[in-house]
Each structure stands twice: as C-alpha cells, then as structure tokens.
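Novice: A single structure is presented below for examination.
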Amino acid sequence: MMMSNMPEKDKTFLESLEILKNNANEIGKQSTSLEDSLKLFDEGMKEAKFCEDILNNAEQKIEIYRAENE
C-alpha cells in the first residue's frame with residue numbers, strides 16, 4: 001500500500017491526481033485488505049478535496065479576469 005507523505009503546500013494538482021489514481025488502483029486489487037482500502041479511500045477523499053479546491057480557485061480567478069475584461 002502506498003500512502004502520500006508529501007506536505008500539501010508542496011503538492012501540485014497533477015501529483016494529487018496521480019495519488020488518487022494510484023489509490024483507486026490499489027483499492028481495486030483483491031490483495032488489498034479492507035483496512036488498507038479504507039485508509040486509501042480516506043486519503044483519496046482528502047486528495048479529491050485538495051483537487052476540488054484548486055479547481056474552484058482557478059475558476060474564481062477566471063471569472064474575475066473575465067469580469068475585468070468585459
């Protein structure tokens with residue numbers, strides 16, 4: 001099982017997305033225990049929130065930029 005120990009402030013969107021994909025692959029393996037799957041799922045939810053926050057921030061910046069240029 002692979003868990004991320006990277007501090008969030010140093011993590012990029014793509015790195016977080018990669019962690020999400022890896023966790024999904026690990027959860028899908030029959031050899032992954034239920035306990036490990038739950039840990040991976042919990043980490044994945046945190047990564048999903050991190051990615052969502054980045055996307056929301058980018059969307060807000062785009063909306064501000066559009067409003068300034070209308």
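The values are calculated or read from the model by the stated rules, or taken from the named source; none is laboratory data. Quick caveat: nothing in here was measured; it's all calculated off a predicted structure. What goes into the accessible areas is simple: the full protein's heavy atoms, side chains included, and nothing from ligands, DNA or RNA. Shrake-Rupley method; radii C 1.70, N 1.55, O 1.52, S 1.80 Å.
Novice: Can you name the residue in region 54-70 that is among the charged types (D, E, K, R) and either open to solvent by less than 90 Å² (accessible area, probe 1.4 Å) or assigned to a helix (DSSP H, G or I) (or both) and, of all such residues, is farthest from L14 (Cα to Cα)?
Specialist: Among them, the one singled out is E68.
Novice: Considering region 19-53 alone, what residues qualify as being under 8 Å from the mean Cα position of the chain (by Cα) and either not in a helix (DSSP H, G or I) or not small (G, A, S) (or both)?
Specialist: Of everything in region 19-53, those that are under 8 Å from the mean Cα position of the chain (by Cα) and either not in a helix (DSSP H, G or I) or not small (G, A, S) (or both) turn out to be I19, L20, M45, K46, E47, K49, F50, C51, E52.
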